[in-house]
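Rule-based calculations on the coordinates, nothing more; no lab input. Keep in mind the model is a prediction, meaning the values are calculated, not measured. Don't worry about glycine lacking a Cβ; one is built from the backbone with ideal geometry, like all the others, and counts go over all protein chains shown.
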Amino acid sequence: MPSAKDAFMSAYLKGAEARTLSGEHVDRLSRISTVQDVISSVREVMDIIKDTDAGSYLAQAMVRSFDDSDRYLWLYFSGCLERLQSLKLVPDGMRRVLEAYMVKYDVANIKARLQGMATGRQASLIPVGVMHSQERLDEMATAEGVGDVIRILAECRLGDYADVLRDYSADDAKSRFLTEARLDGRYYHNLLKVSRRIPDGALLARVFSVIIDMTNLSLVARALIEGLGSEAGESIIDGGYLIPESLARELLGRKLAELPEALGVMQYREIADELVTEYGKTKRVNVVEEVIDRHRYRLLKEVLSPRVLTPLVIAWYLTIKELEVRNLRLVLKAVFDAVPVEEIREYLITV
């Protein structure tokens, strides 16, 4: 039976949802021409989003470049999560979901640092996650070798991810590819583990399994485009909802054009058709993530949006806050690059 804490947090999170970027905001933003000077365009963006929490936060910041806006948006998102963590009335189930979900950004930061080591470039890390909350992100950004990364992760109680790096080789492209996939796999397995110990856990596990499906479908499509074939099999994540590991591996032996039929999952046929069509038009590998992103949010909305009084409500809140940051980053990037926002409208996702 739902408790008073469940009722409080559901009301709190649904209230916050009402103050996020909406489809109406996106429609208005897409009409910004950027013919005017950049500062005027930025002011127009701020005026349109002033009734959102993100808009109120950015209005207090000194946004003079895209890098400024990017940093402040991530700090805004991090602040939202830290505020939730500080609330005493967060039910245990919701807190477990929040803490497990946040590690997504630690995984992204680990990958960024490893890529920086491989390329010799400074890593740009996201100020969200366990390492950020423990003030170890600057140390991670300057870690000189994988041994330093492993040490920092162990000290931040992220030993699960440190173990993945034990056999990592920065000089081996296959090792880098597999390590990143294994980091993702460990993260998703930990999400599934958390879902087994909370109310409505079966439904939450389904949500995480759908995300694994989308991750594997993206990996398969990119592998087929880049000619990796069965070599990418070790990167497949088990635990999918409608795409078992065996099917994902089988798909790696096909051609991209055969993907919709070979997939054999009617619920995902539309996604595979769109992937093939869009890649055929553009020949851009990035189109895979763009298509997958749109459908992932649609699938999550169907399950999560109606839910209240369970830990699923916090999973939906995290989803829409991420989407808000994503959309605003794209809009502000267009504005600072003097690109009409209408030209990137198709990449903006509303829920």
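Working ranking of peptides 179-191, 150-162 by packing, defined as the average number of other Cβ atoms within 10 Å per residue, highest first, is 179-191, 150-162.
When only Cα pairs below 8 angstrom with a gap of at least 6 residues are kept, the range 116-235 shows a relative contact order of 15 percent.
In whole percent, what relative contact order does the range 7-148 give with Cα contacts below 8 Å and a gap of six or more residues? It would help to have the intermediate numbers written out before the result.
Values: 94 pairs, mean separation 24.3, N = 142.
Across the range 7-148, relative contact order equals 17 percent.
If you wrap the range 94-194 in the convex hull of its Cα atoms and look at it from every side, the mean projected area works out to 5.8 nm².
Applying a DSSP loop filter and a limit of 14 other Cβ atoms within 10 Å to the trypsin sites (Lys or Arg not before Pro) in the range 205-289 leaves 255, 283, 284. At full extension, residue 40 and residue 88 could sit 13.1 nm farther apart than now, given 0.36 nm per residue minus the alpha carbon distance.
On full extension of the chain, what length is gained from residue 119 through residue 242, given 0.36 nm per residue of separation minus the C-alpha to C-alpha distance? Kindly include the intermediate steps, with their values, before the conclusion.
Details: separation 123, 0.36 × 123 = 44.28 nm, distance 3.67 nm.
Taking 0.36 nm per residue and subtracting the Cα distance, the gain is 40.6 nm.
Partners of residue 301 within straight-line reach, counting lysines whose Cα lies under 19 Å from its Cα and excluding those fewer than 8 residues away in the same chain: 14, 321. Here each label is just a point 7 Å from Cα along the line to Cβ, and for residue 138 and residue 269 those points are 5.6 nm apart. For a straight C-alpha distance cut-off of 22 angstrom, the lysines reachable from residue 174 (same-chain residues fewer than eight places away being disregarded) are 111, 255.
Going through the DSSP H helices of the chain, which span 27 Å or more along their own axis at the Cα atoms while scoring at least 0.0 as a mean Kyte-Doolittle hydropathy?
Numbers: long enough: 66-86 (30 Å, -0.45); 92-119 (41 Å, -0.19); 173-195 (34 Å, -0.63); 201-225 (36 Å, 1.53); 312-336 (36 Å, 0.99).
Span-like helices in the chain: 201-225, 312-336.
Here, P(r) means the percent of Cα pairs in each 20 Å bin from 0 to the largest distance; for the chain it is 27, 61, 12. Once the chain from residue 337 to residue 284 is taken as fully extended at 0.36 nm per residue, the excess over their C-alpha distance is 17.0 nm. For the range 246-306 versus the range 155-180, the spacing of their alpha-carbon centroids is 28 Å. For the chain, the relative contact order is 24 percent, taking Cα pairs closer than 8 Å that sit 6 or more residues apart in sequence and dividing their mean separation by the residue count.
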